[in-house]
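These notes are about the structure you will find just below.
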Amino acid sequence: MRILSLTFLAAAAVLAGCASAPKPPMANEASRQPANDPAHIEALKLRAEMERARVGLQIAAQQAKSMQMLTEAQAMARPVAFRPGSGVSSASNGANTIYTVRFSSGSTKLALAPATQQSLVKAASQGAQIVLRGRTDSERDDAANARVARLRAEAARVLLVQGGVPVSRIRATWQGAGDTVASNDTAEGRALNRRVEIEVYAAEPQPGSLDDPRATVAQRQ
């Protein structure tokens, strides 16, 4: 009887040991890093600054590429004939042409003869893309001058669209100051700077790639 009791007690002890819940895993305190740890916060800041710097370099490269293309196009441009006294001048590099319309001081109205307007519309309608650039003779790029530059570009857009040029082919930009073609120290120079440039491109620009395969830039001028 005593042997049976001992056997029963031993079996009960074994079963009790098997029925106990497993211990939960313990965290490795050495690998824990509090969210407010100064070193951890500083590392996150450095990582964010590095990412901003990388993006900034990509944007700078895109802008440099666009400026280089614009400079090359302007250097290749040569004067072409336009009807004298029309108020419009033009330059061409063979395939693309830039027409320049000038304005009176503070004006945003295209003061062109009907025949000249028709000539501009006809030339623009043959282009695959038209870029309008409104400019002023101001030294300050403030809201008032930006508005004048915008309205000059918009006046050219309205003229072309009313003449039948598809609006999808037209891009308008403006700049309240800078990008001058002559000195603002003289009345003649200021008159040359008050303008809208109508750039007519024979072919739609095609996308190009940078050295970094993660970034692409459309070769638009």
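Only the coordinates and a few stated rules stand behind these numbers; no lab work does. None of the values given here were measured: they were computed from a predicted structure. Virtual Cβ from ideal backbone geometry, glycine too; neighbours counted across all protein chains shown.
Some values worked out for this structure:
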quantity	calculated
Under 5 Å, built H, 5+ apart or other chain: amide partners of Thr100	Ser89, Ser90, Ile198
Inter-label distance, nm, simple model (7 Å from Cα along the C-beta direction), Val55/Ala115	5.5 nm
For region 86-191, the fraction of alpha-carbon pairs in successive 5 Å shells from zero, as %	2, 12, 22, 25, 20, 12, 6, 1
Distance (nanometres) between label positions extended 7 Å along Cα→Cβ at Glu204 and Asp179	2.3 nm
Theoretical FRET efficiency, 1/(1+(r/R0)^6), r = Cβ-Cβ of Asp37 and Arg140, R0 45 Å, to 0.05	0.40
J(HN,Hα) series, region 118-127, from Karplus relation 6.51 cos²θ - 1.76 cosθ + 1.60, nearest Hz, glycine and proline x	5, 5, 5, 4, 4, 5, 5, 5, 8, x
